[in-house]
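These notes concern the structure reproduced below.
Read-outs throughout are calculated quantities, based only on the coordinates presented, and are distinct from any laboratory measurement. This is a predicted model, so every value here is computed, not measured. Reconstructed Cβ throughout: ideal geometry from the backbone, glycine too, with neighbour counts over all protein chains shown.
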Amino acid sequence: MIAAFIASYGYLAVFVGTLLEGETVLIAAGFAAHQGLLDWPLVVLVAAAGGTLGDQSAFLLGRWKGAVLLERFPGLARRIPRVHALLERFDAMFILAVRFLYGLRIAGPLIMGSSRVPVLRFAVFNTIGAAIWAVLVSGAGYVFGVAISSFIADLRRIEEAVFLSILALGIVFWLWRKCRA
C-alpha cells in the first residue's frame, strides 16, 4: 500500500516537502530510491527545485515585507544583526550553508531578503546550495537503505515499517524542536 502511494505521489511529496524544510521527506525519498520505488537522480532534481523555490520565495518575501514580518517575530528580529554581519563577510558561504543551519532553514532566507544581497546573487548560490543539500540528504536516505539491506536480507518484507519509522522519527524530532523552542 505504501509502495503504491510512493510510486504515485512520491515526487510530488518530495517537491512539497522540500518547499519548507523537507529533510525527513527527502531521507525517506532516498530510501525509496534505494528500494527502486523512485529514481534517485529525479528525487535530487525535484528536491533541488523545491528547496530552491521555497528559499527564493522566502528571500523575495523578506525583500518585499521583511521589516514588517520580522517585527512581528521578536525571536527572528534578534537574529537580524548577526545574519546581516555574516552576510557582509561571507555572503556566498552563508547562502550555501543556511539550509543546513538549525533554526534558519526558513527564517534565514527571509532575513537575507531584508539585507543588501542582490537577488541574482542569492538565486545563484541558493540554487547551488539546494543542489548540494538535495544530494547529501537524499543520499543519506539511499545509503541508509544500503546499510540496512546489508543487515536484513529480505528488506522488501519490512520496507513499509522502515518508511513509517523514518517518518515517525522525523515527526518526533520536529515536535521535539518545536517544544524546545
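Odds and ends about this structure:
- Relative to the dominant Cα principal axis of the chain, helix 23-34 is inclined by about 30°.
- With R₀ fixed at 35 Å, the C-beta to C-beta distance from A161 to A123 puts the FRET efficiency at about 0.30.
- Comparing Cα centroids, the range 106-128 and the range 30-69 end up 14 angstrom apart.
- The C-alpha atoms of the chain define a longest principal axis, and helix 40-71 lies at about 30 degrees to it.
- From the C-alpha gyration tensor of the range 2-180, square roots of 5λ in Å: 33, 16, 13
- Label-reachable residues, the range 96-117, where backbone N falls under 15 Å from a point 7 Å from H84's Cα toward its Cβ: 110-117
- For the range 44-112, chymotrypsin sites (Phe, Trp or Tyr not before Pro) are listed when DSSP marks them as loop and at most 12 other Cβ atoms sit within 10 Å of their Cβ; the list is Y102.
- Cα pair count fraction exceeding 18 Å, expressed as % - the range 1-56: 22
- For the range 36-110, the set of trypsin sites (Lys or Arg not before Pro) satisfying both a DSSP loop assignment and a count of at most 14 other C-beta atoms within 10 Å is given as R72.
- Multiplying the residue separation of A3 and E71 by 0.36 nm and removing their Cα-Cα distance gives an extension gain of 20.0 nm.
- Gained length - V146 relative to C179, 0.36 nm times residue gap less alpha-carbon distance: 8.6 nm
- The chain: most fluctuating residue of S114, S150, S165 per GNM, C-alpha cutoff 10 Å: S150
- Length gained on full extension, W64 to A168, computed as 0.36 nm times the residue gap minus the Cα-Cα distance: 33.8 nm.
- Each of L45 and L12 was given a label point 7 Å from its Cα along the Cα-to-Cβ line. The distance between the two points is 1.9 nm.
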